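Here the structure is laid out as structure tokens; the discussion comes afterwards.
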Amino acid sequence: MLDINTLLLDFRITSYCNLDCDLCFRNPGIADQSTESALKVLDKMYQVGFRRVGFTGGEPTTRKDFLVLIEHAKKLGFMTYLSTVGHRFIMDHERLNGVLDWVGMPIDGIEKQTNCDIRSDKMGNQHRVIKDILTWLSQTNNTINIKLTTVVSQTNAHQISDIVRWVNSFPYKIQSWRFYQFCPLGVGKEKRDKLEIDTDLFISTMKQTKNEFPDLPLSWATFEERDKANIVMEPNFDVIIPDGENYTYLCNMEKDSPEQIIHHIFGQPEIMQKCENNRFWLDEMEFVS
């Protein structure tokens with residue numbers, strides 16, 4: 001069972017993003033806190049006993065201090081993870097290399113129209129972003145584990161095999177690839193008619209893909225498997241969990257005592273088991289340069 005040392009807590013350092021993705025599950029409109037406040041909360045997390053932190057959003061790289069926060073977390077002793085679209089990754093790589101353990105980046109299609117349909121017109125060339133990164137990584141010294149994420153929906157379910165084959169054609173080999181059934185959470189609730197996919201179809205698509213590419217680090221999770229399966233800290237330091245099509249409040253990392261934080265997060269064994277199942281790749285995927 002997960003404990004406080006092994007739980008990855010997702011810190012949404014900002015709710016801001018200007019990409020307007022249809023599938024986004026963030027809660028928009030929550031104000032960012034100051035750098036000083038964010039650093040103090042990271043300090044408190046470490047003092048309470050947390051050892052794994054993910055920096056998410058919104059788009060976390062829109063915060064001017066996101067590198068400062070990651071560097072501070074690594075200095076404290078955290079395992080660090082960054083969830084980003086990757087548009088700044090090559091530019092920031094020199095500073096991230098050595099302080100970032102994992103980066104997760106999305107690829108939902110290998111055609112502009114698919115990317116526009118499932119995310120937004122601003123993400124139409126996301127497959128080219130991933131291509132440029134994977135090509136560049138094969139020519140540089142990299143110590144960051146690379147994880148790709150794909151949201152499977154009505155729009156791209158028939159293209160999953162082609163997406164995997166395309167990524168696998170590049171010389172750099174990723175460490176993990178997670179496929180998620182579309183979840184109608186946050187902003188994404190408004191697009192469920194367009195993107196929602198039947199669970200049986202999702203599972204059969206993923207099993208077929210895994211059979212086709214048995215040696216690749218592919219894994220997946222249904223909407224039900226992801227429900228209540230990750231702990232999220234909002235920009236205002238509220239700690240929440242996805243609960244059906246909404247979020248449930250647990251505690252506040254800044255205001256509550258360490259005892260209250262531990263009780264409200266770790267007091268439900270079922271949730272901890274789901275979190276462990278959802279994040280197994282952290283422990284099972286070794287870094288391969």
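The values are calculated or read from the model by the stated rules, or taken from the named source; none is laboratory data. Computed from a predicted model, the values in this text were never measured in an experiment. Virtual Cβ from ideal backbone geometry, glycine too; neighbours counted across all protein chains shown. Side chains included, ligands, DNA and RNA excluded: accessible areas come from the protein's heavy atoms. Shrake-Rupley method; radii C 1.70, N 1.55, O 1.52, S 1.80 Å.
Screening the range 120-131 for residues that are in contact with a helix residue (DSSP H, G or I) (Cβ under 7 Å, 6 or more places away or on another chain) and not hydrophobic (A, V, I, L, M, F, W, C) and picking the one that is surrounded by the fewest Cβ atoms within 10 Å (Cβ to Cβ) gives Asn125. Scanning the range 156-175 for residues that are open to solvent by less than 20 Å² (accessible area, probe 1.4 Å), in a helix (DSSP H, G or I) and within 27 Å of Thr140 (Cβ to Cβ) yields Ile163, Val164, Val167. A search for C-beta distances below 7 Å between a residue of the range 21-41 that is open to solvent by 30 Å² or more (accessible area, probe 1.4 Å) and any residue that is modelled with pLDDT of 65 or more and among the β-branched types (Val, Ile, Thr), counting only pairs 6+ apart in sequence or on different chains, returns Asp32/Thr14; Thr35/Val68.
Any residue at all in the range 256-266 that's touching a His at 6+ places or on another chain (Cβ under 8 Å) and closer than 17 Å to Ile4 by Cα? Within the range 256-266, one or more residues are touching a His at 6+ places or on another chain (Cβ under 8 Å) and closer than 17 Å to Ile4 by Cα.
Among the residues of the range 73-94, those that are open to solvent by 10 Å² or more (accessible area, probe 1.4 Å), aliphatic (A, V, I, L, M) and either part of a helix (DSSP H, G or I) or modelled with pLDDT under 95 (or both) comprise Leu76, Val85, Ile90, Met91.
Here is a check on your reading of the model: is Arg12 within 21 Å of Lys147 (Cα to Cα), open to solvent by 20 Å² or more (accessible area, probe 1.4 Å) and within 17 Å of the chain's Cα centre (by Cα)? No, not satisfied.
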